[in-house]
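Only the coordinates and a few stated rules stand behind these numbers; no lab work does. Since the structure is predicted, the reported quantities are computational estimates derived from the model, not experimental observations. Don't worry about glycine lacking a Cβ; one is built from the backbone with ideal geometry, like all the others, and counts go over all protein chains shown.
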């Protein structure tokens, strides 16, 4: 079957920009009679369905916001997602909107559900999270000129409204803290290089290490799935080396890997904090109650959920946004897992 006709196809047939077509269909521009006739002729010939007109009429709005996310294992919880969802739901319901969850289908079919929801006018906009480079959802929604706001950035040349945590700034704070504690041999537990979030955080580590005149050997950078098992296995491999060739601090890109590293260290009879420092990212609810308590970077996920939804509702109401690219600063929460004993007595 023929895929849905896009604004870009209409604009190519009419010989104008797709922004011009969009503005005409939304009654946001006055054009010459000849240009308007050419656009409407292209719309008719191609069979384009101008759903944006229907969505611009309040009586035709669904008052539903679409959102999909990658499911976690049934035995695992995701408190960061829980906070994010609750904040969005509350912000949406304050203005008469509701959140509609739909299945997460990665790969080639990733955009199928989005297309179906747009074509059937079941949602007024989308919130997109877990954004990666060349994200097919972002590319699709931009092509469709459909309202959305993302939690996360993508390629630098892709312009769309987003809210994101400044992960690089968070990691600079971590490195600076470890250096203040006297650490120079710092290892890293990260995700595969294809991870956009991981690359952003790695940029922060590298810049802070350069500023401190330090470097991390390649064998002290472990890339993996980001779970407890990977954190434990990577830390065990470093601990198998002679003491002088081990790192004295480990930066994990999430709390799960950090906990795995902590348990590996303790299984060798070593002290987390005094012998080897460990830090995480996300500041999950378990972090203060671990032994020792875990130093972690806290993401303001509730604030982000509110901002993302507020931005999308402004777009739907036609209210201009003052800032479509919003970076939110994280906070480093220092606890015992990265403190050396003699530092704690100050």
For a Förster distance of 35 Å, can you work out the FRET efficiency between the beta-carbons of residue 155 and residue 214, rounded to the nearest 0.05?
0.70
What fraction of the Cα pairs in the chain, stated in percent, has a spacing above 31 angstrom?
43
Calculate how steeply helix 255-267 sits against the longest principal axis of the alpha-carbon atoms of the chain, using the helix alpha-carbon long axis, and give the answer as 0 to 90 degrees to the nearest 10.
20
For region 7-49, what is the relative contact order in percent, using Cα pairs closer than 8 Å and at least 6 residues apart in sequence?
43
Length-normalised contact order of the chain, Cα under 8 Å, at least 6 apart, in percent, tallies to 17
Once fully extended, how much extra length lies between residue 116 and residue 274, figured as 0.36 nm per residue of separation less the alpha-carbon to alpha-carbon distance?
51.3 nm
So between residue 82 and residue 12, what do we pick up on full extension, going 0.36 nm a residue minus the alpha carbon distance?
20.8 nm
Over its alpha-carbon atoms, region 108-156 yields an Rg and a Dmax in Å of 10.4, 32
Alpha-carbon centroids, region 113-131 and region 266-344: separation in whole Å:
29
Note: region 250-346, point scatterers on Cα, Debye, no solvent; log10 I/I(0) at q = 0.10, 0.11, 0.12 Å⁻¹ equals -0.39, -0.45, -0.50
Tell me the angle of helix 228-239 to the major Cα principal axis of the chain, expressed in degrees between 0 and 90 and rounded to the nearest ten.
40
Estimate the FRET efficiency between residue 98 and residue 329 by the formula 1/(1 + (r/R0)^6), using the beta-carbon distance for r and 22 Å for R0, to the nearest 0.05.
0.10
In whole Å, what are the extents of region 7-49 along the principal axes defined by its C-alpha atoms, from largest to smallest?
22, 17, 16
The correct pair for region 224-294, radius of gyration to one decimal and Dmax as a whole number, both in Å and from Cα atoms, is 11.1, 35
Nearest 10 degrees is fine. How inclined is helix 301-316 to the longest principal axis of the chain, computing both from alpha carbons?
10
